[in-house]
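S.K.: Dumping the structure here so I can ask a few things about it.
The values are calculated or read from the model by the stated rules, or taken from the named source; none is laboratory data. As the structure is a computational prediction, the values presented were derived from the model and not from experiment. Neighbour counts run over all protein chains shown; Cβ positions are idealised from the backbone, glycine included. Just so you know, the surface numbers come from the protein's heavy atoms only, side chains and all, with ligands and any DNA or RNA stripped out. Shrake-Rupley method; radii C 1.70, N 1.55, O 1.52, S 1.80 Å.
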Amino acid sequence: GTPRVPSAPTRPPALLLPPDSEKTPGYWNKGARRSLELALALQPAAQRAKNIILFMGDGMGLPTMSAARIYKGQLAGGSGEESVLAMETFPHVALAKVSGAALGVALLPLPETPLIPACFQTYTIDRQVPDSAGTGTAYLCGVKANAKTLGLSGAAIYGKCHTSFGNEVDSILHRARLAGKSVGIVTTTRVQHASPGAAYAHSASRSWYADANMPKEALRDGCKDIAYQLVHNTDINVILGGGRMYMTSKRTPDPEYPEDPAQNGTRKDGVDLIAEWLSAKQGARYVWDKKGLDAVEDDSVSHLMGLFEPKDMKYELNRNTSTDPSIVEMTEKAIRILRRNPNGFFLFVEDKIDHGHHSGRAKQALMEAVMLDRAVARAGELTSPSDTLTVVTADHSHVFTFGGNTLRGNSILGLAPKKAKDKRAYTSILYGNGPGYSIRDGARPAASLPAAEDKDYRQQAAVPLESETHSGEDVVVLAKGPMAHLFHGVQEQHYIAHAMAYAACIEPYAAEPGCRAARRASHGTQCSPQPLLTLLAFCVAAHMVGG
């Protein structure tokens, strides 16, 4: 159908001035005292996590977070700078290194470790500035790897199928499922894409979406495509995103675009992976539009697959709200299904902020970041920090920046207040490289409003490239819930997987102190119906034995 603009406003208001109260010292002193009191009251939650939710903003570097915060505030009618993202309310913060020297091991701090900011490094074994496959393998599987490879150690070589055998590494999602937890993936990309793919696939190339995307040599050597692995490698309870075409045989019409052959299935092996998945899972459901997703009763399915586009899902600003679910709606559906498991769950949620940046369209990227934050907020309403560890991070950053001495309340998508040396206006947001580079009649074209606030406007870039690139600076990690204090200091990105596994007693940390009691507490909710006195006696006895 025709794309519809979301009901929420997508254009910031005109310049808004801060309130007069900000001009008094008392305003700032009162705010600082309130923050200080909260910091003094903060105590590590040393109990183990029953559930884990990992939100990953693909390409959500610190400049993107800051700009998204302002954009969120301006959409709500404020000046923007004073706005707070839901993820920014998390009490524990760290940074992950995307470039630098490896430490070699993941060291988990003791509970009494001081609470200090953390930084996580995102480089891969072979690249200073990483891609989403290598970083996904790090924060999901717990090891650094080579760029463009999924679920493989650094011994595997990109594009060489035979080097993958014996070098597979399992993700925390896979290990959580083996531990008896329900697991799920939510993404606004295709579910076979690099970030979600690292949760279940072992592939020498992130681009081997279907067998049609693989070289003959790789097929001959016995490697399987990523879509095939999605169905066969891990028993995933909830799979929501795009990627229909990689699941069905060549020339299979797409249910949403049956008249467009470009959207047909692509598989050469003739296998219908959707049908295969459904037949192998009792109580499984498959849907391909919002109507179908809304019709799924949370307590009626054990497995749900929803594939809402042939490839990646549409940007939020392009989304048809009647046919395509939002990341918020997909996240809510996933949590409602997964949380029925008394052993807990692991959920991975990704938003494609990255795609907006690659295309040089900052408004698309910032709206995606705002939507990810809305999903974070909704997840917080559906879970409890007493048993759910929630982590928000990014895989890498982008060569995206905003500046220009803009005034308070200036539209984040607006112009700098003064013209550049070439006597032409420019936007506050700029890219270091990308498709926004433009020279007309020997000069840079002047930026103007309202054109610069259009969702498809490409901010100017310093270097001409077909696609804007990632950047190598550290990315932030924010955490709340059990063991959230483990996220501290400057860390390697692969530490994230280890800290999450430790927090939830997942291998290789299942035998750590406290895990036996945590498992006993979790299983305690499964007592069979009995008279109340008998049940109480059982629980008291179990407590006395366990100490």
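S.K.: Can you find a residue that is at pLDDT 85 or above and either in a loop (DSSP other than H, G, I, E, B) or assigned by the TED database to the domain that holds Ile496 (or both) anywhere in segment 8-21?
M.R.: No, because not a single residue in segment 8-21 is at pLDDT 85 or above and either in a loop (DSSP other than H, G, I, E, B) or assigned by the TED database to the domain that holds Ile496 (or both).
S.K.: Moving to a separate point now. Kindly indicate whether Lys148 is in a loop (DSSP other than H, G, I, E, B), open to solvent by 10 Å² or more (accessible area, probe 1.4 Å) and closer than 22 Å to Gly265 by Cα. Step through it out loud before you land on a result.
M.R.: Values: in a loop (DSSP other than H, G, I, E, B): yes; open to solvent by 10 Å² or more (accessible area, probe 1.4 Å): yes; closer than 22 Å to Gly265 by Cα: no.
The answer is no for Lys148.
S.K.: Something else about it: Looking only at helices (runs of 4 or more DSSP H) that fall completely inside segment 476-547, which ones have 2 or more residues that are at pLDDT 50 or above and either within 23 Å of His396 (Cβ to Cβ) or open to solvent by 10 Å² or more (accessible area, probe 1.4 Å) (or both)?
M.R.: Working: elements: 495-503, 515-523, 532-546.
Fully inside segment 476-547 and qualifying: 495-503, 515-523.
S.K.: Among the residues of segment 80-90, are any at pLDDT below 95, closer than 16 Å to Ser195 by Cβ and part of a loop (DSSP other than H, G, I, E, B)?
M.R.: no
S.K.: Name the single residue that is nearest to Asp131 (Cα to Cα) among those in segment 437-447 being surrounded by 13 or more Cβ atoms within 10 Å (Cβ to Cβ) and either touching a residue at least 60 places away in the same chain (Cβ under 8 Å) or touching a strand residue (DSSP E or B) at 6+ places or on another chain (Cβ under 9 Å) (or both).
M.R.: Tyr437
S.K.: Next question, about the same structure. Give Thr401, Thr427, Thr390 a once-over and let me know the one that is hydroxyl-bearing (Ser, Thr, Tyr), under 27 Å from Lys97 (Cα atoms) and open to solvent by less than 10 Å² (accessible area, probe 1.4 Å).
M.R.: Details: Thr401 fails: open to solvent by less than 10 Å² (accessible area, probe 1.4 Å); Thr427 fails: under 27 Å from Lys97 (Cα atoms).
Result: Thr390 is the single residue among Thr401, Thr427, Thr390 that is hydroxyl-bearing (Ser, Thr, Tyr), under 27 Å from Lys97 (Cα atoms) and open to solvent by less than 10 Å² (accessible area, probe 1.4 Å).
S.K.: In this structure, is Ile53 in the same structural domain as Ala86 (by the TED database) and in a strand (DSSP E or B)? Before the answer, list the steps.
M.R.: Values: in the same structural domain as Ala86 (by the TED database): yes; in a strand (DSSP E or B): yes.
Considered against the rule, which asks whether it is in the same structural domain as Ala86 (by the TED database) and in a strand (DSSP E or B), Ile53 comes out as yes.
S.K.: Could you tell me which residue of segment 295-323 is nearest to Pro255 (Cα to Cα), considering only residues that are of a type in the set (Asp, Glu) and out of contact with any helix residue (DSSP H, G or I) (no Cβ under 8 Å at 6 or more places or on another chain)?
M.R.: Quick first cut of segment 295-323, residues of a type in the set (Asp, Glu) only: 297-299, 309, 312, 316.
In the following step, the residues that additionally are out of contact with any helix residue (DSSP H, G or I) (no Cβ under 8 Å at 6 or more places or on another chain) were identified as 297, 299.
Values: Glu297: 22, Asp299: 26 Å.
It comes out as Glu297.
S.K.: Since Lys419 meets every condition but one in (1) open to solvent by less than 10 Å² (accessible area, probe 1.4 Å); (2) among the charged types (D, E, K, R); (3) out of contact with any strand residue (DSSP E or B) (no Cβ under 6 Å at 6 or more places or on another chain), which condition does it not meet?
M.R.: Unmet for Lys419, out of (1) open to solvent by less than 10 Å² (accessible area, probe 1.4 Å); (2) among the charged types (D, E, K, R); (3) out of contact with any strand residue (DSSP E or B) (no Cβ under 6 Å at 6 or more places or on another chain): (1).
S.K.: Which helices (runs of 4 or more DSSP H) does segment 205-312 wholly contain that include 3 or more residues that are closer than 21 Å to Ile327 by Cα and either open to solvent by 10 Å² or more (accessible area, probe 1.4 Å) or in the same structural domain as Cys161 (by the TED database) (or both)? Steps first, answer last, please.
M.R.: On the way: elements: 216-220, 226-232, 273-280, 290-295.
Qualifying helices (runs of 4 or more DSSP H): 290-295.
S.K.: Taking only pairs six or more apart or across chains, which ones have beta-carbon atoms under 6 Å, a first residue in segment 156-170 that is over 9 Å from Ser205 (Cα atoms) and open to solvent by 90 Å² or more (accessible area, probe 1.4 Å), and a second residue that is in a loop (DSSP other than H, G, I, E, B) and of a type in the set (D, E, K, R)?
M.R.: Final answer for the pair search is His162/Asp221.
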